[in-house]
Amino acid sequence: QVQLVESGGGLVQPGGSLTLSCAASESLFAVATMGWYRQAPGKQRELVALLSNVGSTHYADSVKGRFTVSADNAKNLVYLQMNSLGPEDTAVYYCNMWAKTSSVAALRSYWGPGTQVTVSS
């Protein structure tokens, strides 16, 4: 069973930066998309940034120009560079990958357990 593990969360002051990382526990045969979602208290989980296997990206309007998603495809790693953080970015951040574990396996969605990002002075 593939597991995703996020790291890099923590407490940061407003205006600061953080970089989140997400790694898969085993090698993946193919990855269609890698992305980051977040869920703030009392709110629904929302898409933050998405990276496709052809390099296209999509960002939530609220993070455009501040966040950058990137990946090391050879290592099945995905990153989220977050700059100019504000209290509104406080949430649990989740890594997601749509991937196949073999040529005959079905494409499925994998989630990490989440990492807390708190922006506060």
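Read the figures in this text as sums done on the coordinates, not as results from a lab. Predicted, not measured: the structure shown is a model, and the values here were computed from it. Here the Cβ positions follow ideal geometry from the backbone for every residue, glycine too, while neighbour counts run over all protein chains shown.
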Relative contact order of segment 1-61: what whole-number percent is it, with Cα pairs under 8 angstrom and at least 6 residues apart?
-> 23
Report, by chain and number, residues whose modeled amide H sits under 5 Å from the one on Ala71, excluding near sequence neighbours (fewer than 5 apart, same chain).
-> Tyr79
Qualifying GluC sites (Glu not before Pro) for segment 13-91 [loop in DSSP, other Cβ within 10 Å: at most 13] | Glu26
Among the lysines, which fall within straight-line cross-link reach of Lys100, defined as a Cα-Cα distance under 26 Å, with same-chain neighbours fewer than 8 residues apart omitted?
-> Lys75
What longest range of the chain stays clear of loop-exposed trypsin sites (Lys or Arg not before Pro) (DSSP non-H/G/I/E/B, at most 12 other C-beta within 10 angstrom)?
-> 65-121
Gaussian network model of the chain, springs between alpha carbon atoms under 10 Å - residue of Ala105, Ala49, Ala60 with greatest fluctuation = Ala105
In whole Hz, the Karplus estimates of ³J(HN,Hα) for segment 62-73 (6.51, -1.76, 1.60; θ = phi - 60°; x where Gly or Pro) are 5, 10, 4, x, 10, 10, 9, 9, 8, 8, 10, 5
Contact order relative to length for the chain, counting C-alpha pairs under 8 Å separated by 6 or more residues, stands in percent at 37
Tell me, what HN-Hα J-couplings in whole Hz come from the Karplus equation 6.51 cos²θ - 1.76 cosθ + 1.60 at θ = phi - 60° for each residue of segment 97-107, using x for Gly and Pro?
-> 9, 9, 8, 10, 8, 7, 5, 9, 6, 7, 6
Which lysines, on any chain, are close to Lys43 with Cα under 25 Å apart, when same-chain ones fewer than 8 places away are left out?
-> Lys64
In nanometres, what is the gap between the two model label sites at Asp72 and Leu107, each 7 Å from Cα along Cα-to-Cβ?
-> 2.6
In sequence order, what are the phi-derived ³J(HN,Hα) couplings for segment 29-34 according to the Karplus relation 6.51 cos²θ - 1.76 cosθ + 1.60 with θ = phi - 60°, rounded to whole Hz, with x for glycine and proline?
-> 5, 7, 10, 8, 9, 10
